[in-house]
Structure formats: structure tokens, C-alpha cells
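Have a look at the structure below before the remarks.
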Amino acid sequence: MITLTSFLIDLILGDPENLPHPVRLMGKTIIFLEDYFRNFIKNSFVAGFIFATILILSSFGITFLIISLSNYIHPLLKMISEIILIYYCISIKSLQTAALDVYNALKQNNLKLAREKVSYIVGRETEKLSESGVARAAVETVAENLVDGIISPLFYAMIGGAPLAIAYKMVNTLDSMIGYKNEKYIKFGKTAARIDDAANFIPARLSIFIISIASHLFFRKGADCFKTAIKDGNKHLSPNSGYSEAAFAGALSVKLGGPNYYHGKLVYKPYIGESFSEVTTEHIKSACDLMLLSSFLFIIIIIII
């Protein structure tokens with residue numbers, strides 16, 4: 001009941017920018033404390049390990065205290081608190097809105113605007129992307145964030161309620177901010193990146209089955225979806241992201257992955273679903289539909305469990 005309510009609220013409201021948001025607070029906390037840990041502990045790996053561990057455990061502990069205090073005041077307040085906190089962990093509508101902003105810009109033949117819109121949701125350089133490159137980036141983001149922004153937080157909410165869901169969001173936020181393999185973060189962010197890999201390991205693989213069922217219901221391509229996910233799921237620099245991307249590639253019959261520029265450097269990545277066709281603008285909308293149905297399927301599974 002609690003998780004379903006959180007799910008439906010996010011589906012309706014998304015993430016209103018004028019309201020306080022725990023994930024934005026997490027980001028500000030990471031920025032504020034990073035230099036203190038670097039200056040206090042000279043070994044970058046040790047500093048990063050302690051930094052990530054303290055923030056993750058603190059996010060769990062603070063959330064647990066909020067829920068416990070709410071329950072002490074009144075059980076109804078506890079339920080409301082959990083609903084709100086889990087709602088903040090899910091990103092269904094915001095993901096759809098961001099992807100459709102790119103879609104609408106491309107439909108208006110405004111490639112410059114589409115590049116700008118897609119730059120908000122991807123880490124690669126977007127200034128020179130073609131129309132297909134922009135569409136591909138949007139589809140890949142929808143596929144990857146189905147796990148990071150929907151399946152994983154719901155999975156941890158199911159297991160450990162709001163405290164574990166919030167702790168997961170701290171893990172995910174740490175990885176997105178310091179989990180880079182560049183000179184600045186290769187050591188300091190290593191622990192955060194590895195914890196994120198571990199946290200998403202099971203949800204990423206569960207996503208294969210969920211996306212395959214959704215693909216069958218939508219496109220009658222459940223078998224292609226599953227086969228591509230199994231075949232190409234490990235063709236990604238991330239040990240997890242490739243599985244949902246490969247599932248989407250099979251479901252939509254499109255080629256994802258490939259080389260992209262990051263921070264001025266060309267990073268060579270293998271293609272996922274290499275035998276399929278290039279991504280088009282319409283595939284963005286199809287990817288959003290697939291993401292929404294997959295999300296509904298997973299929440300139904302949670303309710304049944």
C-alpha cells in the first residue's frame with residue numbers, strides 16, 4: 001500500500017522543483033563535505049571509502065529515526081512519512097518528461113534545442129550529436145534510469161522500507177557525482193562506484209524479465225528483447241547498465257552504445273544490438289512507453305509479493 005501510493009504520487013506529480021528534495025540535499029552534502037574528507041585523510045582511497053560509508057549509513061540512520069519518531073507520534077504519521085520519502089526516491093514522471101522534451105525538440109526539427117535538452121540527462125558531450133545520436137542518447141538514458149530511478153529504489157523499498165530506499169538513493173547520488181574514472185575521482189570515488197555496482201546488480205538483471213514481458217505486451221518482441229539482453233548485456237563499461245539497454249535495444253530493434261565523447265575524450269564502447277537499425281526520433285516515445293509499462297509491471301509484482 002505504501003509503495004504503491006508513493007509510485008502513483010510520483011506518476012502524477014513527478015519532482016516539483018519548488019519543493020525540498022532529499023536527493024538535492026544529498027548532492028549539496030556531498031559537495032560540502034568532499035574537501036573536508038580529502039584534507040583530513042590524505043590517502044584518497046581511504047578518504048573516499050570513509051566518506052561514502054558515513055554518508056550511506058547516515059542517510060539510512062536519519063531516515064530510520066524519522067520513521068521511528070513518526071511512529072511514536074502516531075502510526076498514521078509514520079505511514080505518511082514513508083510514502084513521502086519513498087516517493088522522493090522514484091523518478092518515473094521526471095524521466096518521461098525529460099525524454100519527451102528531447103522528442104518534442106526533434107519533432108520541431110530543432111536539433112540545437114534537442115542537443116541542449118539531452119545534455120541535461122546524459123554525461124556525454126552533445127554539441128556535435130546528429131539527430132540519431134541525440135535520439136540514441138535519450139533512449140539509452142530511459143533504459144538505464146528505468147533501473148536506477150525506478151526498479152532499484154522500489155526493490156529496496158520493498159525489502160527495507162524508506163530507510164533502505166533513501167540509502168540506495170545516497171549510493172546512486174554518490175556514484176553519479178564522484179564515481180568517475182578520471183584523475184580526480186579514480187581513487188576517491190572507487191568505493192562509491194563499487195557499492196553502486198553491487199546495489200544495482202540484482203535489480204539490473206531483474207529488469208531483463210520485466211522489460212521482456214512489457215516488450216511482448218507492446219511490440220510482440222519479448223523473445224528478441226530477452227535474447228539481446230542476454231547476448232549483449234555485458235557489452236557496457238558498467239556491469240549493470242548494459243542489461244536494461246540491451247533489453248531496450250531488442251525490444252525496439254535499435255542499435256545502442258558505440259563511441260561517444262566524454263570530457264573531451266573519445267571513449268570507445270561496443271555497440272549493443274549491432275545488427276539492428278539506427279535510433280530514430282519516434283523510438284524515444286516508444287522507449288518511454290516501454291519504461292512506463294515495465295514500471296507498472298514491477299509495482300504489480302511488489303504488490304503480489
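Just so it is clear, none of the values below were taken in a lab; they were calculated from the coordinates. Since we're looking at a predicted model, the values are computed, not measured. Positions of Cβ are backbone-derived with ideal geometry, glycine not excepted, and every protein chain shown enters the neighbour counts.
Among the listed pairs 235/255; 117/190; 221/269; 128/181; 255/285, a Cα-Cα separation exceeding 19 Å is found for 117/190; 221/269; 128/181. Our coupling estimate for region 67-77, obtained by passing each phi through the Karplus curve with A = 6.51, B = -1.76, C = 1.60 and θ = phi - 60°, is 5, 5, 5, 4, 5, 5, 6, 5, x, 5, 5 Hz, Gly and Pro reported as x. Remark: region 164-170, residue by residue, has Karplus-estimated 3J(HN,Hα) of 6, 5, 5, 4, 4, 5, 5 Hz, where x stands for each Gly or Pro and the curve is 6.51 cos²θ - 1.76 cosθ + 1.60 at θ = phi - 60°.
Each part reduced to its alpha carbon centroid, region 134-206 and region 257-272 end up 20 Å apart. Residues whose amide H falls under 5 Å from that of residue 257, counting only those 5 or more places apart or on a different chain, are 272, with hydrogens built in the peptide plane.
Near residue 267, the amide H atoms lying under 5 Å from its own belong to 260, 261, 262; only residues 5 or more places off or on other chains count, and H is placed 1.01 Å from N. Scalar couplings 3J(HN,Hα) for region 255-272, obtained by applying the Karplus form with A = 6.51, B = -1.76, C = 1.60 to θ = phi - 60°, are 9, 10, x, x, x, 8, 8, 10, 6, x, 10, 7, 9, 8, 10, x, 6, 10 Hz; x denotes Gly and Pro. One equal scatterer on each Cα of the chain, no solvent, Debye formula: the resulting log10 I(q)/I(0) at q = 0.16 Å⁻¹ is -1.37.
Only Lys, Arg, Asp and Glu carry charge here, each on its Cβ (+1 for the first two, -1 for the last two); on that basis region 2-304 has a dipole of about 480 debye about its Cα centre. Annotation: amide H-H contacts under 5 Å for residue 238 (H modelled 1.01 Å from N, sequence separation of 5 or more, or interchain): none.
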